[in-house]
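The structure appears below as structure tokens.
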Amino acid sequence: MWGYDPITIPEIPKLAQGAVIPPNSEFLAVLGDQKRGTNIEAPLDTITQAVLQALVSYGGAGGNQKISVTIPLTLNGRTITQIVIDDINDYIKRNGRSPIRA
């Protein structure tokens, strides 16, 4: 219009799916574009602290407490635990004693 080009506006990323933003990497973004749920934009240290506080408030792992996680492993449709138990029972039937020593 007055002899100069209009300003070009870059594409602004939408972060509904989240993003990992390294330090010193400033950029403009659209927040709040998710269809449902709540997104949190915070430094990783802040999120880590919040998760630890939530675990403690629900009786989970805080400080030196340990938590137990059970992951069923299967082989040919059977759990590894059941395979081991069956093998021990077969050993006892064949040998008259347990293969496990105290």
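The values are calculated or read from the model by the stated rules, or taken from the named source; none is laboratory data. This structure is a prediction, so every number in the text was calculated from the model and none was measured. With ideal geometry, Cβ positions are generated from the backbone for all residues, glycine too; neighbour counts draw on all protein chains shown. Side chains are part of the model used for accessible areas, which takes the heavy atoms of the whole protein and leaves out ligands, DNA and RNA. Shrake-Rupley method; radii C 1.70, N 1.55, O 1.52, S 1.80 Å.
If you check Val20 against the conditions, is it outside any loop (DSSP other than H, G, I, E, B) and at pLDDT below 80? Outline the logic, then answer.
Numbers: outside any loop (DSSP other than H, G, I, E, B): no; at pLDDT below 80: yes.
It is false that Val20 is outside any loop (DSSP other than H, G, I, E, B) and at pLDDT below 80.
For the range 34-46, indicate whether the set of residues that are open to solvent by less than 100 Å² (accessible area, probe 1.4 Å) and of a type in the set (Gly, Ala, Ser) is non-empty. Before the answer, list the steps.
Taking the range 34-46 and keeping what is open to solvent by less than 100 Å² (accessible area, probe 1.4 Å), we get 34, 37, 39, 42-43, 46.
Now drop any that are not of a type in the set (Gly, Ala, Ser), which leaves 37, 42.
Yes.
For the range 21-30, which residues satisfy the criterion of being open to solvent by 60 Å² or more (accessible area, probe 1.4 Å) and either closer than 16 Å to Pro10 by Cα or among the acidic types (Asp, Glu) (or both)?
Residues of the range 21-30 that are open to solvent by 60 Å² or more (accessible area, probe 1.4 Å), as a first pass: 21-24, 26-28.
Scanning the range 21-30 gives Glu26, Phe27, Leu28.
Given Leu31, Leu15, which one is modelled with pLDDT of 80 or more and either touching a Phe, Trp or Tyr at 6+ places or on another chain (Cβ under 7 Å) or aliphatic (A, V, I, L, M) (or both)? Explain how you work it out, then say what you get.
Working: Leu15 fails: modelled with pLDDT of 80 or more.
It is Leu31.
Can you tell me which residue among Glu41, Glu11, Glu26 is in contact (Cβ under 8 Å) with a residue 12 or more places away in the chain and in a loop (DSSP other than H, G, I, E, B)?
Numbers: Glu11 fails: in contact (Cβ under 8 Å) with a residue 12 or more places away in the chain; Glu26 fails: in contact (Cβ under 8 Å) with a residue 12 or more places away in the chain.
The conditions single out Glu41.
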